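Working notes, beginning with the structure itself.
Only the coordinates and a few stated rules stand behind these numbers; no lab work does. Just so we're clear, the structure is a prediction, and the values are computed from it rather than from any experiment. Here the Cβ is made from the backbone with ideal geometry for all residues, glycine too, and neighbour counts use every protein chain on show.
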Amino acid sequence: MTKLLIFAGSTRQHSFNRRLAHVAATLAREAGAEVTHLELSDFDIPLYNADLEATGTPPDVIHLKEIMAAHPAWIIVSPEYNGSYTGLLKNTLDWASSPVKGHPVWADGEKPFADKVVGLLSASPGALGGLRSLSHLQPLLLALHCWLAPKQFALGSAGKAFDEQGQLIEERQRRGVQTVVDQVLWAAPRLSTD
Ligand code: FNR
């Protein structure tokens with residue numbers, strides 16, 4: 001059973017991306033994955049500063065890295081701010097990819113998440129659905145030596161896309177999410193070294 005980690009790059013209470021992450025988590029569980037659905041608001045992660053790293057990486061960063069390391073497959077659900085992904089995602093991934101002083105595995109600055117298989121989703125009230133955030137997130141993930149699922153899905157007009165139960169109203173959109181889930185679950189056992 002593939003262990004799949006899902007998280008969204010927003011902590012907003014009524015976040016469309018958090019809602020889309022719920023949809024993806026449900027579809028992945030139905031497809032047989034063992035899903036961990038993280039809320040980044042549950043982690044106390046300061047703005048990255050190498051001085052903090054030198055004096056001791058914050059415990060929540062280490063906790064998050066341990067969770068990330070334990071999952072060969074990830075789905076990231078990305079909001080779009082100013083044509084790119086959010087500062088929250090950047091800060092999270094910068095911390096997660098940084099060395100941990102004195103740690104038995106993560107002390108040396110090697111790519112800690114090489115060969116993770118990552119699927120990308122986005123949601124926005126705008127017509128493009130946050131697609132531009134994904135085109136910026138891709139090079140970051142490639143720099144971490146992740147594998148990227150070739151198909152992604154951007155949910156446009158997100159304010160009208162969900163019903164009261166948080167399900168996607170349009171079948172076409174549900175299929176878009178399903179495709180990303182299916183690709184990640186297909187690729188992870190073949191590509192990830194975990
Ligand atoms: C936005 N938003 C936005 N949307 C978009 O489609 N393209 C963009 O470039 C931007 N830029 C942008 C900048 C800033 C600073 C904010 C705060 C917002 C709107 C954004 O998509 C909207 O607020 C979403 O609801 C954010 O995602 P969550 O929190 O709903 O997941």
**OP:** Please compute the net charge surrounding Ala24, taking Lys and Arg as +1 and Asp and Glu as -1 over other residues with Cβ under 12 Å from its Cβ.
**Re:** +2
Subject >> Dipole magnitude of the chain about its Cα centre (Cβ charges: Lys, Arg +1; Asp, Glu -1), debye to nearest 20 >> reply: 580 debye
Original post:
For the range 3-191, what is the per residue volume of the convex hull drawn over the alpha-carbon atoms, in cubic angstrom?
Top reply: 109 Å³
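Please check the chain for the longest run free of trypsin sites (Lys or Arg not before Pro) that are loop-located per DSSP (anything but H, G, I, E, B) and have at most 15 other Cβ atoms within 10 Å.
Working: sites that count: Arg12, Lys101, Lys151.
In short, 13-100.
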**OP:** Among DSSP beta bridges lying fully in the range 1-152, give the percent that are antiparallel, nearest 5.
**Re:** 5 percent
Subject >> Cα-centred dipole magnitude for the range 113-194, charges only on beta-carbon of K, R (+1) and D, E (-1), debye, nearest 20 >> reply: 220 debye
**OP:** Could I have the simple spin-label model distance between Lys111 and Gln167, label points 7 Å from Cα toward Cβ, reported in nm to one decimal?
**Re:** 4.0 nm
Original post:
Put +1 on the Cβ of every Lys and Arg and -1 on every Asp and Glu Cβ in the chain; which of Leu141, Gln183, Leu93 then has its Cα farthest towards the positive end of the dipole?
Top reply: Gln183
Original post:
In whole angstrom, and with the biggest value first, how far do the Cα coordinates of the range 62-167 range along each principal axis?
Top reply: 49, 28, 24
Original post:
Using a basic spin-label model with each label point 7 Å from the Cα along Cα→Cβ, how many nm lie between Met1 and Asp60?
Top reply: 2.9 nm
Original post:
Can you give me the Cα centroid spacing of the range 116-194 and the range 1-79 in angstrom?
Top reply: 14 Å
Subject >> FRET efficiency, 1/(1 + (r/R0)^6) with R0 30 Å, evaluated for His14 and Glu53 via beta carbons >> reply: 0.35
**OP:** Compute the length gained on full extension between Glu39 and His145: take 0.36 nm times their separation in residues and subtract their Cα-Cα distance, giving the result in nm to one decimal.
**Re:** 35.8 nm
